[in-house]
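*Asks:* Sharing a structure, written as structure tokens. Questions coming.
The values are calculated or read from the model by the stated rules, or taken from the named source; none is laboratory data. All of these numbers come straight from a predicted model, not from anything done at the bench. As a convention, Cβ positions derive from the backbone with ideal geometry for all residues, glycine included, and neighbour counts pool all protein chains shown.
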Amino acid sequence: MRRLWEDRHLGSYAAVTGAALALALLIGWSALGNEIDNYAYDLLLHHYAVPPHDPGSIIVAIDDATLNVNGGVHNYRPLLARGLDAINAGHPAVVALDMVLADASDPVEDRQLAASFARTHNLVLSAERVADEWEEPLPLFASNVAAIGHVHAIEESSDGMTRSLTLEQTAAHRRHWALALEAFRLFAGARIIESPDELRVGRVIIPARVRDQRPMRIRYTAGSLPSVSLTTLLHDSSFVAQLRGKTVFLGVTSQSAAHDRAVTPYGDRITGVEVHAQAFETLRGGHFLRDASNLEILASCLLIAGLALSVFAYTSGWHAYALGALLLASAHIMPIVAFAHDVVFPYSAPFATAWLCVSAAASFQHFVVRRMLRKTEDDKERYQRAIRFVTHEMKTPLTAIQGSSELIGRYNLSEDKRKQMATMIHSESKRLAGMIQTFLNVERLSEGEMRLKHDVFPVSEVVESSLQRIGPIAERKDISIHCSEVAGVSLRGDRELMEYAVYNLLTNAVKYSPAGTDVKVTAFIRGDWLHVAVSDQGMGMDDKELRSIFRKFYRTKRAEASGESGTGIGLSIVEQIVTHHGGRMEVTSIVGKGSCFTVVVPYVASANTGTQTSKI
Ligand code: ADP
């Protein structure tokens, strides 16, 4: 496939698209990006949520009704003891108590509660992290339980929503797994096996990295989990049967007593005990969401930027825009597809990358292609003008030849007159042939069809003959030409073409200078290089014009305005000739002050080097 623009544009194109990518990444990792990602995550979680199908847990709620009937929140330890005995009658698999029993109260009541704990199979108690310390159950309670899990369920996200839960918390050199994880481990009858990137419980592998305290995203069910009020359980034993084989989460849900309210991504306010039960269901379902790594995100953004770059570098018009739109659509769909495969991919980074890179690449193409089109039109116009000029130039000698030959044929002319006309026909046709030959030679040279001659000839000869040819023209314009050249220095190459080059520079110097000024031709050696410089005191050129003068058919506005005719081909031919001789052109110029064109070529022998000056 062909690229739409030349190498020199490639750097700026890549820079523009690269800047767009950098900006997109900045947006992706900013607070705004985070907010967008969370919003998209909540929508997707909602969309892919499943109803609680055959849940393995049940919440036994110490709700307002329970507290009202049983003497309020201050009298909860005897209530707990009675509640646990009622729960045990239902033979649950695990009982997780979402209450931190860190303080001693009435010794008789505490002993009664401890006895209830001892009777409870697979009981998990709670510990809470307060600053850098643990609030743990009293030893009296903790001695007879299967596990102690932490109950840090409220996520401190920027928008206050609880999307994930840390499975591991360490403080004061003591570590606790989350209450839900301990309950699940007992439920599954397995051990927790740790590795840096995941935890394994039985056959369930939880993608929770040790970094950031092993966070796990909670897959909230579409509806709430089964729940029964503790007071109902105490007064109606028929409900007890529901608990068989289940993990019971026992905790306070009362509006007035429970302080730990979390907001789910669906916008529901739920209590801590419900968050633990939801986390338990996520673990039991074994259907985890994994966050895409930074490397994966970066790689996908780079891929998107690369595709945007290629689309607008290799295609144009509706093809390019259709592919660009396809790329945008893919960037939008990518996080959805990833979510369907249980990978949480951020939305903002690929989204911003696609939009910014596609817009940047498309705008670049739009402007550069338009500029190239304008340049082609300019070149075409110049070319047509040059053709008109060349044909005009050819017409003059042809008219002379035509007229003279007609005169000879039609009239009886004197011998002298006939000779004069024949000489004129000869010289004009020679001029015409020379003109055509030079153009052909240069064209064939640039096409690589013609081999350069390898004569060795003195530089002075080339300069002298050019000076002779330009002499009359310079005189007519009252321009004096000063010449200082290196005698004895030779050049290897094509004498005719080198003469064409020097003559062309001289013609320009005279053509683009006002009357009464000086033109200087200097030749000198610097290192292994011969320099032949033609300087004038003419109209000069600015930097922008200087960059274009070797382009075919290019003429400066100043030159056009001067009324001097030209094709804009001369210098392009000069440059080709000099390049074919293994050299280069150097130009300096100041507007209104003058220009200096220097031919720099390798020099050959330099016997008796000296400087000789002549003036025409
Ligand atoms: P042209 O036939 O127009 O002279 P050239 O290829 O020889 O074509 O030169 C290209 C253009 O470079 C000219 O049209 C003119 O604008 C500019 N130029 C060349 N030589 C000079 C000079 N000595 N001073 C000012 N402008 C120059």
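*Asks:* If we only count strands (runs of 3 or more DSSP E) wholly inside segment 53-140, which ones have 1 or more residues that are over 30 Å from THR221 (Cα atoms), in the same structural domain as PRO226 (by TED's automatic domain parsing) and in contact (Cβ under 8 Å) with a residue 40 or more places away in the chain?
*Replies:* Working: elements: 57-62, 94-98, 123-130, 133-135.
Counting at least 1 such residues, we get 133-135.
*Asks:* Of ARG217, ARG209, which residue is surrounded by 15 or more Cβ atoms within 10 Å (Cβ to Cβ), in contact with a Ser or Thr (Cβ under 7 Å, 6 or more places away or on another chain) and closer than 27 Å to ALA338 by Cβ?
*Replies:* Working: ARG209 fails: in contact with a Ser or Thr (Cβ under 7 Å, 6 or more places away or on another chain).
Of ARG217, ARG209, the one residue that is surrounded by 15 or more Cβ atoms within 10 Å (Cβ to Cβ), in contact with a Ser or Thr (Cβ under 7 Å, 6 or more places away or on another chain) and closer than 27 Å to ALA338 by Cβ is ARG217.
*Asks:* Please indicate, with yes or no, whether at least one residue in segment 372-380 is under 44 Å from the mean Cα position of the chain (by Cα), away from the ligand (no atom under 16 Å from the Cβ) and touching a residue at least 12 places away in the same chain (Cβ under 8 Å).
*Replies:* Looking through segment 372-380, at least one residue is under 44 Å from the mean Cα position of the chain (by Cα), away from the ligand (no atom under 16 Å from the Cβ) and touching a residue at least 12 places away in the same chain (Cβ under 8 Å).
*Asks:* Right, another one. Here is a check on your reading of the model: is VAL521 more than 9 Å from the ligand (Cβ to nearest atom), under 30 Å from ASP378 (Cβ atoms) and hydrophobic (A, V, I, L, M, F, W, C)? Full working, then the answer.
*Replies:* Details: more than 9 Å from the ligand (Cβ to nearest atom): yes; under 30 Å from ASP378 (Cβ atoms): no; hydrophobic (A, V, I, L, M, F, W, C): yes.
The answer is no for VAL521.
*Asks:* Since LEU243 meets every condition but one in (1) in contact (Cβ under 8 Å) with a residue 60 or more places away in the chain; (2) surrounded by fewer than 18 Cβ atoms within 10 Å (Cβ to Cβ), which condition does it not meet?
*Replies:* Against the list (1) in contact (Cβ under 8 Å) with a residue 60 or more places away in the chain; (2) surrounded by fewer than 18 Cβ atoms within 10 Å (Cβ to Cβ), LEU243 comes up short only on (2).
*Asks:* Which one of LEU413, LEU398, LEU373 is assigned to a helix (DSSP H, G or I) and surrounded by 12 or more Cβ atoms within 10 Å (Cβ to Cβ)?
*Replies:* Working: LEU413 fails: assigned to a helix (DSSP H, G or I); LEU373 fails: surrounded by 12 or more Cβ atoms within 10 Å (Cβ to Cβ).
Residue meeting the stated conditions: LEU398.
*Asks:* Could you list all residues from segment 570-608 that are of a type in the set (D, E, K, R) and either surrounded by fewer than 17 Cβ atoms within 10 Å (Cβ to Cβ) or near the ligand (Cβ under 7 Å from one of its atoms) (or both)?
*Replies:* If we filter segment 570-608 for residues that are of a type in the set (D, E, K, R), which is where we start, we get 575, 584, 586, 593.
Scanning segment 570-608 gives ARG584, GLU586, LYS593.
*Asks:* Among all residue pairs at least 6 apart or on different chains, which show Cβ distances below 6 Å where the first residue, located in segment 527-548, is at negative phi and the second is of a type in the set (Lys, Arg) and within 13 Å of the ligand (Cβ to nearest atom)?
*Replies:* Hits for this filter: SER535/LYS520; MET539/ARG558.
*Asks:* Also, I was wondering about something else. Against the condition over 23 Å from SER57 (Cα atoms) and either in contact with a strand residue (DSSP E or B) (Cβ under 8 Å, 6 or more places away or on another chain) or at pLDDT 95 or above (or both), how does ARG174 come out, does it pass? Quick ask: steps written out before the conclusion?
*Replies:* Values: over 23 Å from SER57 (Cα atoms): yes; either in contact with a strand residue (DSSP E or B) (Cβ under 8 Å, 6 or more places away or on another chain) or at pLDDT 95 or above (or both): yes.
Answer is yes for this residue.
*Asks:* May I pose another question? Please specify each residue of segment 172-216 satisfying the condition of being under 37 Å from the mean Cα position of the chain (by Cα) and among the small types (Gly, Ala, Ser).
*Replies:* Of all residues in segment 172-216, those under 37 Å from the mean Cα position of the chain (by Cα) come to 195-199, 205-216.
Selection gives SER195, ALA208.
Okay, residues lined up against (1) surrounded by fewer than 20 Cβ atoms within 10 Å (Cβ to Cβ); (2) under 25 Å from LYS453 (Cβ atoms); (3) out of contact with any helix residue (DSSP H, G or I) (no Cβ under 6 Å at 6 or more places or on another chain):
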| residue | (1), (2), (3) |
| --- | --- |
| ASP478 | yes, no, yes |
| LEU491 | no, yes, no |
| GLU496 | yes, yes, yes |
| LEU505 | no, yes, yes |
| ALA509 | no, no, yes |
| PRO514 | yes, no, yes |
| VAL519 | no, no, no |
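*Asks:* While we're looking at this one, here's another question. Quick check on my filter: what residues within segment 383-416 are among the small types (Gly, Ala, Ser) and either modelled with pLDDT of 85 or more or more than 60 Å from the chain's Cα centre (by Cα) (or both)?
*Replies:* First, pick out the residues of segment 383-416 that are among the small types (Gly, Ala, Ser): 386, 400, 403-405, 409, 414.
Across segment 383-416, the qualifying residues are ALA400, GLY403, SER404, SER405, GLY409, SER414.
*Asks:* It is to be established whether one or more residues within segment 554-569 are within 12 Å of the ligand (Cβ to nearest atom) and touching a strand residue (DSSP E or B) at 6+ places or on another chain (Cβ under 9 Å).
*Replies:* no
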